[in-house]
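**Q** Okay, here's the structure, questions in a sec.
The values are calculated or read from the model by the stated rules, or taken from the named source; none is laboratory data. Just so we're clear, the structure is a prediction, and the values are computed from it rather than from any experiment. Ideal geometry is used to build each Cβ from the backbone, glycine not excepted, and the neighbour counts take in all protein chains shown. Keep in mind that these areas ignore ligands, DNA and RNA; they rest on the heavy atoms of the full protein, side chains included. Shrake-Rupley method; radii C 1.70, N 1.55, O 1.52, S 1.80 Å.
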Amino acid sequence: MFRTLTINLNKCRHFNNADSFNKYIRSLSEIAPPQSKAIQPVKLVNAMEDKSNFFLPNNQRFVELDSSQAFNNLTNKEKLYAHYLSKAAWNGGLIVLLQTSPESPKIFSLLHRIFLGEPLDKLKDSALKAGVSEDDFKAFLIYAGGLFANSGNYKGFGDTKFIPNLSKEAFELIVKSSKAYEDDNTHMTKLWQKVQNAIYSLTPRLTSLGLANKGVTTYFSSNCTEEDSNLVNDWMKTKRIEAYICRTFKTTADDGLPLYTIHLASVESSPKPPLTMEKEKYKNAYFQVTRGDYAALLKLANENLAKAMEYAANDNERNMLKHYINSFREGDLNEHKEGSRFWIKDKGPIIETYQGFIETYRDPSGQRGEFEGFVAMVNKEMSKKFGTLVDGAERFIKLLPWGQDLEKDTFLRPDFTSLDVLTFSGSGIPAGINIPNYDEIRQNEGFKNVSLGNVIPAAYKESVIPFLSEEDKKLLEKYRVASFEVQVGLHELLGHGSGKLLRQNADGTFNFDKEKVKNPLTGKQIESWYTEGETYDSKFTTLGSAFEECRAEAVGLYLSLEPEILKIFGYEGQEAQDVTYVNWLSLMWNGTAKATEMYQPSTKTWLQAHARARFVLLRLLQLEGDGLLTVSEPRPGHELLLTLDRHRLATDGKRIIGEFLVKLQTLKATGDSVAAEQLFDRYSRLDEPWSRWRDIVMLHKQPRNIFVQPNTSLKGEEVELIRYPASAEGMVASWVERFPSSTIDDVLEQLADTDSKYFAELESLTAA
């Protein structure tokens, strides 16, 4: 998806396989994330050791995600449908707190209880009287806004921890001067004592998300290593269990062997074979499958999905919701797949929604889905352009360089609409989506592409652009939104939506002619493929998201050179050439100026799939382009300069990207993850001078915009849209009105307490 663009325009994988459109056009998100005033670097520092890199600064920008025009055009029935879908999405979205870190649910509870207790102006007055400064109180609100926006204390884009930009002592003064503390001293004291060290700790393992000593994850218990993850993956393959809706907890059986519990997300917690499985032995360890994870939150989501069904426009929507409810209640992934099938059939709805455990970016093994739910309304003008792109898709796919043998036998014409987002719950908002992510549905039945139209312009507000010439800056400022809309369309529809997986069926037959089809890279017969029960995610695991995002981004670059495609979006002649150039330039700029922020030198790992994908494409053109793309250091230690020869894009640029696309698609189609890892490693290593240049990038680092989303409110039988100021205060107000009772805090604390035994190892680190 294009998950990169925003504050997280973050999440674009294919809701096909992209930290995504499936995996959200979410991916394009980062193409040029918004920034505030540039900070003039004074000295070079080790950015990863600089504590300030973990703050959300006091100049953090908040922007409104405005969907008022589209919402006001809805009928009252449509508004009611959107209202209950939104409530379901927000309740389900709280699951992400539990999927982010052990402390996130309790930090949310602490902050939410404080803001529920009294108006912000009274809280501020009390805090200032207690000795808190204006700047510290502002930093407190910004930290809260960041936690609400990211659904936890790790960034939805980049997976790095953020801490308050005020001292622990000042934070405590605010807590203890609040009405919530006055009303329930015992509980608030207990909450604060429980989370204070976790909020502030920058012990190396706690600074980013990851498995074992590489970071924090709640998809596995904290005692799980990569070896444990691989063993669990092997066992699940033998049972043909996909990991989207589960977490894994490792304990010790009575005989001393490891016991891995695969815990399914569901309302129901009782055993129900074959969904649940009794303990069995495999490779000197025990495995069992239970259910009931996140039960209380899924119950709330289901109650609102059931109410939304009463206002659905057709049987496809009703059946979709029915199966989502069944899936969340029972812990049955197949039910969610059935719901997805009805979702695909619901062509061109006025209200679009998709909810569930979708994107696998943040699972260290790349297979477990983060909950997200979106509700949006159609933008007819832009949707018409995307419809024209779909009309020509079969013709455009033939322009891709890997040939028909590695392409789907039949193009499954998808729905492709531009939507104005009303609600997007999860760890961040993408620019687009390509879903569902389930291989068997995408390959054989179809998918949908969604461009989130009101997200893209909001993401670029007040943006600053370092490392470019003045001429390129002006072009980027003029055409960045236009070029991004083109890239989103190509990335999602013709990137994630293209390409075949070569597979051996259960009966031993193949979905390709094994005797005739040749591997384009070797000229020999195909020697590897997917077997029954294997998926792209299960084979490519941790590499999968970055590899697929790179493939989709490269398709966007390659096809944006076609004048016919630019004409669909309304650009011809010199303007079309400018849009194409800016498309390439902005992606390469992201690879230079933004991507390396998401690289962690201490562990030599990439923290975000889209960032790694863009850096790979940048390095590809830099290494293979013979001057096509250059990066220099005009002010040593302070500035970089990216240059791209626009006159060679249609020749050398197209050739280089085309040859790379053949490699990417061949390796994906044949399931050759080993060769894929070798290919990616070559182009994504931060060798000199890039390891040094990363420090320069960090000196120019700017905070990503935080979206302030609206709420809907039911007044009798009428639904009203409630908008909020684009500020930290507006962000806080939106969450207080979204959850006007502390009951939700009780639920989150109880769920966190239930999980705490699996993360005791992490808790011991917070004191460090």
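**Q** What's the number of the only condition in (1) among the hydroxyl-bearing types (Ser, Thr, Tyr); (2) in contact with a helix residue (DSSP H, G or I) (Cβ under 6 Å, 6 or more places away or on another chain); (3) not in a helix (DSSP H, G or I) that Tyr683 fails to meet?
**A** So the condition that Tyr683 fails would be (3).
Conditions tested, residue by residue: (1) crowded, with 21+ Cβ neighbours inside 10 Å; (2) touching a helix residue (DSSP H, G or I) at 6+ places or on another chain (Cβ under 7 Å).
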{"residue": "Lys77", "(1), (2)": "no, no"}
{"residue": "Gly93", "(1), (2)": "yes, no"}
{"residue": "Val96", "(1), (2)": "yes, no"}
{"residue": "Thr100", "(1), (2)": "yes, no"}
{"residue": "Ser104", "(1), (2)": "yes, yes"}
{"residue": "Gly117", "(1), (2)": "no, yes"}
{"residue": "Lys124", "(1), (2)": "no, yes"}
{"residue": "Ala127", "(1), (2)": "yes, yes"}
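**Q** For the range 199-231, enumerate the residues that are open to solvent by less than 60 Å² (accessible area, probe 1.4 Å), more than 27 Å from Gly533 (Cβ to Cβ) and more than 24 Å from the chain's Cα centre (by Cα).
**A** Listed by number, the residues that qualify are Tyr200, Ser201, Thr203.
**Q** List the number of the failed condition for Pro430; all other conditions in (1) surrounded by fewer than 19 Cβ atoms within 10 Å (Cβ to Cβ); (2) in a loop (DSSP other than H, G, I, E, B); (3) in contact with a Phe, Trp or Tyr (Cβ under 8 Å, 6 or more places away or on another chain) hold.
**A** Status for Pro430: all satisfied but (1).
**Q** Moving on to the next point. Out of the residues in the range 640-656 meeting the condition of being in contact with a Leu (Cβ under 9 Å, 6 or more places away or on another chain) and under 17 Å from Trp693 (Cα atoms), tell me which one is least open to solvent (accessible area, probe 1.4 Å).
**A** Residues of the range 640-656 that are in contact with a Leu (Cβ under 9 Å, 6 or more places away or on another chain), as a first pass: 641-646, 648-650, 652-654, 656.
Then keep just the ones that are under 17 Å from Trp693 (Cα atoms); that gives 641-643.
Numbers: Leu641: 55, Leu642: 1, Thr643: 56 Å².
That would be Leu642.
**Q** For the condition modelled with pLDDT under 85 and closer than 24 Å to Tyr324 by Cβ, what is the one hit in Leu419, Leu412?
**A** Details: Leu419 fails: modelled with pLDDT under 85.
After applying the criteria, what remains is Leu412.
**Q** Mind listing just one residue for me: the one in the range 491-514 that is over 19 Å from the mean Cα position of the chain (by Cα) and closer than 30 Å to Tyr581 by Cα and, of those, surrounded by the most Cβ atoms within 10 Å (Cβ to Cβ)? Give the steps one after another, and end with the answer.
**A** Taking the range 491-514 first, the residues over 19 Å from the mean Cα position of the chain (by Cα) are 494, 498-514.
Still in the list and also closer than 30 Å to Tyr581 by Cα: 494, 498-500.
On the way: Leu494: 25, Ser498: 23, Gly499: 28, Lys500: 18.
Among residues in the range 491-514 that are over 19 Å from the mean Cα position of the chain (by Cα) and closer than 30 Å to Tyr581 by Cα, the one surrounded by the most Cβ atoms within 10 Å (Cβ to Cβ) is Gly499.
**Q** Is there a residue in the range 364-371 that is assigned to a loop (DSSP other than H, G, I, E, B), of a type outside the set (A, V, I, L, M, F, W, C), crowded, with 20+ Cβ neighbours inside 10 Å and modelled with pLDDT of 95 or more?
**A** Within the range 364-371, the subset assigned to a loop (DSSP other than H, G, I, E, B) is 364-369.
After this cut, where a residue has to be of a type outside the set (A, V, I, L, M, F, W, C) as well, the list is 364-369.
Then keep just the ones that are crowded, with 20+ Cβ neighbours inside 10 Å; that gives 364-369.
With modelled with pLDDT of 95 or more added as a condition, the list becomes 368-369.
Yes, some residue in the range 364-371 is assigned to a loop (DSSP other than H, G, I, E, B), of a type outside the set (A, V, I, L, M, F, W, C), crowded, with 20+ Cβ neighbours inside 10 Å and modelled with pLDDT of 95 or more.
**Q** OK, next. Which condition number does Leu28 fail, the rest of (1) modelled with pLDDT under 50; (2) part of a loop (DSSP other than H, G, I, E, B); (3) of a type in the set (A, V, I, L, M) being met?
**A** Checking Leu28 against (1) modelled with pLDDT under 50; (2) part of a loop (DSSP other than H, G, I, E, B); (3) of a type in the set (A, V, I, L, M), the one that fails is (2).
**Q** Give Leu209, Leu173, Leu141, Leu147 a once-over and let me know the one that is aliphatic (A, V, I, L, M) and modelled with pLDDT under 95. Quick ask: steps written out before the conclusion?
**A** Details: Leu173 fails: modelled with pLDDT under 95; Leu141 fails: modelled with pLDDT under 95; Leu147 fails: modelled with pLDDT under 95.
Among Leu209, Leu173, Leu141, Leu147, only Leu209 is aliphatic (A, V, I, L, M) and modelled with pLDDT under 95.
**Q** Pairs only if they're at least six apart or on different chains, beta carbon under 6 angstrom, first in the range 500-511 and farther than 24 Å from Arg551 by Cα, second open to solvent by 60 Å² or more (accessible area, probe 1.4 Å); list them, first residue then second.
**A** Ala506/Glu532
**Q** Go through Gly131, Gly158 for me and flag whichever is open to solvent by less than 20 Å² (accessible area, probe 1.4 Å) and either part of a helix (DSSP H, G or I) or not acidic (Asp, Glu) (or both). Spell out the reasoning first.
**A** Numbers: Gly131 fails: open to solvent by less than 20 Å² (accessible area, probe 1.4 Å).
Only one candidate qualifies: Gly158.
**Q** Got a sec? Which helices (runs of 4 or more DSSP H) wholly within the range 698-768 have at least 2 residues that are at pLDDT 95 or above? It would help to see each step written out before you state the result.
**A** Values: elements: 728-738, 743-755, 760-765.
Output list reads 728-738, 743-755.
**Q** Looking only at the range 310-325, which residues are buried (at least 18 other Cβ atoms within 10 Å of the Cβ) and either in a helix (DSSP H, G or I) or among the basic types (Lys, Arg) (or both)?
**A** Going through the range 310-325, the residues buried (at least 18 other Cβ atoms within 10 Å of the Cβ) turn out to be 311-312, 317, 319-325.
Within the range 310-325, Glu317, Asn319, Met320, Leu321, Lys322, His323, Tyr324, Ile325 meet the criteria.
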